[in-house]
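Remarks on the structure that follows.
The values are calculated or read from the model by the stated rules, or taken from the named source; none is laboratory data. Since we're looking at a predicted model, the values are computed, not measured. Quick reminder, even Gly has a Cβ in these numbers, built from the backbone with ideal geometry, and neighbours come from all protein chains shown. Keep in mind that these areas ignore ligands, DNA and RNA; they rest on the heavy atoms of the full protein, side chains included. Shrake-Rupley method; radii C 1.70, N 1.55, O 1.52, S 1.80 Å.
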Amino acid sequence: MQEYHILNGDALRNRFPAELKGKSIVFRECFIDGPLKAQSYEQLLIDRSQYIKQEYNSTHQEYNDLVIKELEKLSNIPDNSEVNFWFEDDLFCQSNLWFVLHRFHQINKKNIKLYLIRPLNAFPYSYGHHSNNELIHIYTNRQKLEQLELWSNLWKSYSDGNTTTLLQIATQLKSNYSHVRAAVDSHINRLPNNNSDGQPQEFVKNLIKQNPNLSFKQVFIAFQDKFPQYGYGDTQVRKWFDQYQKLV
């Protein structure tokens, strides 16, 4: 039986334990940001490539080489394999996981064993804080991943912007995957409404309003300390920083 590891980025790939055998596939998307809904899988990747090009100063070729080619490897996983999904508990990683599991459900492989590998409770949002032995430990204690159709529907609800169904599915998954509800709550809290730009955006806005001389580095560190559950990187927070500084 062949074994595969779906990794949540290059940081984990670069320090993945040599003791763990199997082939690695690196997921490099960012579904916490940008377009999520399209008429087809192929169209979504076209839309994403265009968005990444505009927002992250990338190229279509880079997107193809770094993202699409890795995603294509999912289709090449043979039947009767074991697949391990290494994704942290923050919303950034969880939204990516939902997409990968939705795609895996579409591919419909036969006799596949799926496992979810989550960080230790002390570091739910970072494999980077794990030693080599701790990474091996969480692999050894991996959790069998079931209810694939529910996970697929979780992505559909997320990409459709249907927060009611998203909450319902998260509640259904809660008994075995309690961290999913926390990620869904974070997603809902970040959505703008008539009274707020969203929880993380409001934090950045108010911090700048109260301390207009703060550097971006200071704001980003404060944001990461306050809201690690979102998993936002400096690029996302920088957009808010630039936006709200203009208002001071």
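Scan region 55-109 for residues that are charged (D, E, K, R) and under 16 Å from the mean Cα position of the chain (by Cα) and the total you get is 5. Only one of 214, 167 is part of a helix (DSSP H, G or I), over 28 Å from residue 111 (Cα atoms) and either in contact with a strand residue (DSSP E or B) (Cβ under 8 Å, 6 or more places away or on another chain) or without any contact (Cβ under 8 Å) to a residue 60 or more places away in the chain (or both); which? Exactly one residue qualifies, and that residue is 167.
Within region 17-54, the residues that satisfy the criterion of being in contact (Cβ under 8 Å) with a residue 24 or more places away in the chain, surrounded by 14 or more Cβ atoms within 10 Å (Cβ to Cβ) and among the acidic types (Asp, Glu) are 29, 33.
If the condition is being free of Cβ contacts under 8 Å to residues at least 40 places away in the same chain and not charged (D, E, K, R), then region 1-16 contributes 9, 14. All conditions but one from (1) farther than 27 Å from residue 230 by Cα; (2) among the charged types (D, E, K, R); (3) open to solvent by less than 50 Å² (accessible area, probe 1.4 Å) apply to residue 79; the one that does not is (3).
A residue that is under 22 Å from residue 233 (Cβ atoms), at pLDDT 95 or above and in contact with a strand residue (DSSP E or B) (Cβ under 7 Å, 6 or more places away or on another chain) occurs somewhere in region 104-117. Within region 55-68, the set of residues being of a type outside the set (Phe, Trp, Tyr), open to solvent by less than 30 Å² (accessible area, probe 1.4 Å) and in a helix (DSSP H, G or I) comprises 67 only.
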